[in-house]
């Protein structure tokens, strides 16, 4: 058969195709007498939703067909029957404002089976679902081999054995291989389906590109431009000089239409020089007095330069306790705070710094993000919890003095991107501060990491700055690639976790 094929193509189903369709259905459903649509049914479907009815032809011969409607699934119980979902076969349930594509029928003529033609029809349905911005595809899938096992197995046990490849079911096997997942077992679904004992499996495919219709004039971006600032530590006479340098970089990355500007951890450390005569624990608390004014200035810059600014981190005193805190200053004017959760032994011993107590994700106009300060990225549990909340980008402002310290941050950030199927951006400081105790030398190379799969760089590195050089790094990341990875990746780290034997949750 394969050698004889000269042309395969998809067409919209037309009314003149009805004689071929009827003949093909009789062949395809030979064990279900009279299981074919009447001509007036086909006419109604074509008139209601022509894009949902497609035929596949081989050498101009009718080889198979897929039919579907759009439904408002909130109107139906999950235990619905085929008769109910089709409006007693009138298709009055078709709703152009609905949220799901419902598969009414799909079949391939027996002589053309084995050519994976059904996959082409399913692929068309998926493309249609994406084009119509629907939540997904659903349908009741027959289990035609169940009658052979019904005396010994419940439908649930039968489905599990099919999934475990212990039993072959031609319909369910095919649907599972096309990324549909069982959601529920329906009883009394299709009258007269003796092969399935009138059971069906409610199968779902989720559209990863679905966007909830907006009620306001805003769009969630899918291509996000990151602006990383590799900050040079240098002496400043006062806060105004430091702010002037910070604004220079905000201006630079916003000039490239970046959506985010990321500053490093403790980027304002040069201001401690004037207190170098004090003990380190006292000097850091003096530095904390600048934090409120800097946050206010960054909030103004975020608005005036139309960019979301992650301020890196700064020391901050709250109720007498010293924290390493940062701020997300959004371009809509709102400001949110985050804290370093894990302080290093040096931060605790020399400065008396406390660890934060809340793991937070943030909603932005570019999707959900997380911010982990330096040492926090070395604790995989935190990133995993953020991934469970739907974070697409993790920002890591860091400060490391030596290359081995930097390597810990870099390698852990790279691992977090792979295991959590997200982007991780790290930005650090370079140079030295001879007049600032405990902050005298810096080593950094700012980078953007990706998962390691075919749509991404093979080494998982999207962009990297020159080591130990003051500069900006601009990189675009595509959120839709993450959605594809979650669904179709070579490996699926998030999906394949063994939650049946271990669990991770916030306290």
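The values are calculated or read from the model by the stated rules, or taken from the named source; none is laboratory data. The shown structure was predicted, so the numbers you read here are calculated from the model rather than taken from an experiment. Ideal geometry is used to build each Cβ from the backbone, glycine not excepted, and the neighbour counts take in all protein chains shown.
Here are some residues: 77, 88, 72. Which one is free of Cβ contacts under 8 Å to residues at least 40 places away in the same chain, touching a strand residue (DSSP E or B) at 6+ places or on another chain (Cβ under 9 Å) and not assigned by TED's automatic domain parsing to the domain that holds residue 484? Break it down stepwise before answering.
Numbers: 77 fails: touching a strand residue (DSSP E or B) at 6+ places or on another chain (Cβ under 9 Å); 88 fails: touching a strand residue (DSSP E or B) at 6+ places or on another chain (Cβ under 9 Å).
Only one candidate qualifies: 72.
Pick from 16, 27, 39: which is touching a residue at least 12 places away in the same chain (Cβ under 8 Å), surrounded by fewer than 19 Cβ atoms within 10 Å (Cβ to Cβ), farther than 25 Å from residue 119 by Cβ and over 40 Å from the mean Cα position of the chain (by Cα)? Let's see the steps before the verdict.
Details: 16 fails: touching a residue at least 12 places away in the same chain (Cβ under 8 Å); 27 fails: farther than 25 Å from residue 119 by Cβ.
Going through 16, 27, 39 in turn, the sole match is 39.
Going by what's in this entry, would residue 33 be described as at pLDDT 95 or above and surrounded by fewer than 13 Cβ atoms within 10 Å (Cβ to Cβ)? If you could, list the steps in order and put the result at the bottom.
On the way: at pLDDT 95 or above: no; surrounded by fewer than 13 Cβ atoms within 10 Å (Cβ to Cβ): yes.
So residue 33 does not fit the description; no.
Yes or no: residue 337 within 28 Å of the chain's Cα centre (by Cα) and surrounded by fewer than 21 Cβ atoms within 10 Å (Cβ to Cβ)?
Details: within 28 Å of the chain's Cα centre (by Cα): yes; surrounded by fewer than 21 Cβ atoms within 10 Å (Cβ to Cβ): yes.
Against the criterion (within 28 Å of the chain's Cα centre (by Cα) and surrounded by fewer than 21 Cβ atoms within 10 Å (Cβ to Cβ)), residue 337 qualifies.
Tell me which residues, restricted to the stretch 131-145, are assigned to a helix (DSSP H, G or I) and modelled with pLDDT of 95 or more. So that I can check it myself, show each step before the final result.
From the stretch 131-145, those assigned to a helix (DSSP H, G or I) are 131; that's our starting set.
Once the filter is applied, which keeps residues that are assigned to a helix (DSSP H, G or I) and modelled with pLDDT of 95 or more, the stretch 131-145 yields nothing.
Across the stretch 337-360, what is the total count of residues that are out of contact with any strand residue (DSSP E or B) (no Cβ under 9 Å at 6 or more places or on another chain) and under 18 Å from residue 385 (Cα atoms)?
Matching residues across the stretch 337-360 total 2.
So, of the residues in the stretch 475-490 that are out of contact with any strand residue (DSSP E or B) (no Cβ under 6 Å at 6 or more places or on another chain) and not in a helix (DSSP H, G or I), which turns out to be nearest to residue 130 (Cα to Cα)?
In this case the residue turns out to be 489.
Which of (1) assigned to a loop (DSSP other than H, G, I, E, B); (2) touching a residue at least 24 places away in the same chain (Cβ under 8 Å); (3) surrounded by 15 or more Cβ atoms within 10 Å (Cβ to Cβ) does residue 44 not meet, given it meets every other one?
(1)
Does residue 66 count as modelled with pLDDT of 95 or more and in the same structural domain as residue 138 (by TED's automatic domain parsing)?
Working: modelled with pLDDT of 95 or more: yes; in the same structural domain as residue 138 (by TED's automatic domain parsing): yes.
Yes; evaluated as a whole, the condition is true for this residue.
Which of (1) out of contact with any helix residue (DSSP H, G or I) (no Cβ under 7 Å at 6 or more places or on another chain); (2) assigned to a helix (DSSP H, G or I) is the odd one out, the single condition residue 11 does not satisfy?
(2)
Look through 114, 118, 103 and report the one residue that is touching a strand residue (DSSP E or B) at 6+ places or on another chain (Cβ under 7 Å) and at pLDDT below 95. Even if it seems obvious, please write down each step before you answer.
Numbers: 114 fails: touching a strand residue (DSSP E or B) at 6+ places or on another chain (Cβ under 7 Å); 103 fails: at pLDDT below 95.
On inspection, the qualifying residue turns out to be 118.
For the stretch 374-392, what are the residues that are farther than 17 Å from residue 338 by Cα, in contact with a strand residue (DSSP E or B) (Cβ under 7 Å, 6 or more places away or on another chain) and touching a residue at least 40 places away in the same chain (Cβ under 8 Å)?
Residue satisfying the conditions is 392 alone.
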